[in-house]
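Step one of this worksheet: look at the structure below.
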Amino acid sequence: MAKRLTTHPKVTVLWNTVPVEAKGDGNLLKALAVKNIKTGKEEDIPVNGLFYAIGHEPATTLVRGQVDCDEDGYIKTVPGTTRTSVKGVFAAGDVQDKAYRQAITSAGTGCMAALEAERLLAEEEVHDATGEVHVPEPGYLGADKE
C-alpha cells in the first residue's frame, strides 16, 4: 500500500509536515496551511477536500495489564460483542477496532457496549423478600470473584 501511495501520479507525500489551518471561503475548503516540522517553513496548499485521521495507536494504556490486549495494544473482545476478558468491562470504537477505526464504527460499538452494560446491570440486580431491587455494594466484584 505504501508503494502504491508514493508512486501514484496524483499523490504528493509531504514528509515531516503537519497541518496548521484549514482555509476556505466560508462555504468550501480552498487551502490547507502546513508546516514542515524540520525546517519550520509554512505554506498553503490548494485543496478542495480533506480526510483527517488521528493516530493509529489505540489509547489503551489505562487498561493494559488489566484486560487482554493484542500485540498492537487493541483490547480483545468476544467476537460479535464488546465484552472483554473482565466481566463488566466493555470495549468500543478504535480501542478494539483495528480494521476500520472510524467514527461511525465507534458510535455503533459504543451503542453495543451501552446495551451490554445495561443487560449486565439487570442481571446483577438483587431482589429482596419484599421485591425491592438492590444493586451490589461498591467494591463488589461479582459472585464469581468472592
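On inspection, GLU42 does not qualify as more than 25 Å from GLU21 (Cβ to Cβ) and exposed (fewer than 15 other Cβ atoms within 10 Å of the Cβ). Within segment 5-30, the set of residues being under 27 Å from LYS98 (Cβ atoms) and either under 27 Å from the mean Cα position of the chain (by Cα) or hydroxyl-bearing (Ser, Thr, Tyr) (or both) comprises LEU5, THR6, THR7, VAL13, LEU14, TRP15, ASN16, THR17, VAL18, PRO19.
Under the condition of being touching a residue at least 24 places away in the same chain (Cβ under 8 Å) and over 15 Å from the mean Cα position of the chain (by Cα), which residue from segment 71-90 is farthest from LEU115 (Cα to Cα)? Looking at the filtered set, the residue picked out is LYS87.
Taking the criterion of being out of contact with any Pro (no Cβ under 8 Å at 6 or more places or on another chain), assigned to a loop (DSSP other than H, G, I, E, B) and closer than 30 Å to ASN16 by Cα, would at least one residue in segment 75-93 satisfy it? Looking for residues that are out of contact with any Pro (no Cβ under 8 Å at 6 or more places or on another chain), assigned to a loop (DSSP other than H, G, I, E, B) and closer than 30 Å to ASN16 by Cα, one finds none in segment 75-93, hence no.
Scan segment 72-112 for residues that are surrounded by 14 or more Cβ atoms within 10 Å (Cβ to Cβ) and at positive phi and the total you get is 3.
Yes or no, residue by residue, for (1) aliphatic (A, V, I, L, M); (2) over 24 Å from GLN102 (Cα atoms); (3) touching a Leu at 6+ places or on another chain (Cβ under 9 Å); (4) modelled with pLDDT under 85:
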| position | (1), (2), (3), (4) |
| --- | --- |
| MET1 | yes, no, no, yes |
| LEU32 | yes, no, yes, no |
| ILE37 | yes, yes, no, no |
| ASP44 | no, yes, yes, no |
| VAL47 | yes, no, yes, no |
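Inclusion of GLU116 among residues that are surrounded by 13 or more Cβ atoms within 10 Å (Cβ to Cβ) and in contact with a strand residue (DSSP E or B) (Cβ under 9 Å, 6 or more places away or on another chain) is warranted.
For the residues LEU32, LEU14, the requirement of being surrounded by 10 or more Cβ atoms within 10 Å (Cβ to Cβ), in contact with a strand residue (DSSP E or B) (Cβ under 7 Å, 6 or more places away or on another chain), of a type outside the set (Ser, Thr, Tyr) and not in a strand (DSSP E or B) singles out LEU14.
Taken over segment 62-71, the criterion of being surrounded by fewer than 16 Cβ atoms within 10 Å (Cβ to Cβ) and closer than 27 Å to LEU121 by Cβ is satisfied by LEU62, ARG64, GLY65, GLN66, ASP68.
Considering LEU115, LEU50, LEU62, LEU5, the condition of being of a type in the set (A, V, I, L, M), touching a residue at least 24 places away in the same chain (Cβ under 8 Å) and out of contact with any helix residue (DSSP H, G or I) (no Cβ under 7 Å at 6 or more places or on another chain) is satisfied by LEU50 alone.
The values are calculated or read from the model by the stated rules, or taken from the named source; none is laboratory data. Remember, predicted model here, so these are calculated numbers, not experimental data. A quick note on method: Cβ atoms are made from the backbone with ideal geometry, for glycine too, and the neighbour counts reach across all protein chains shown.
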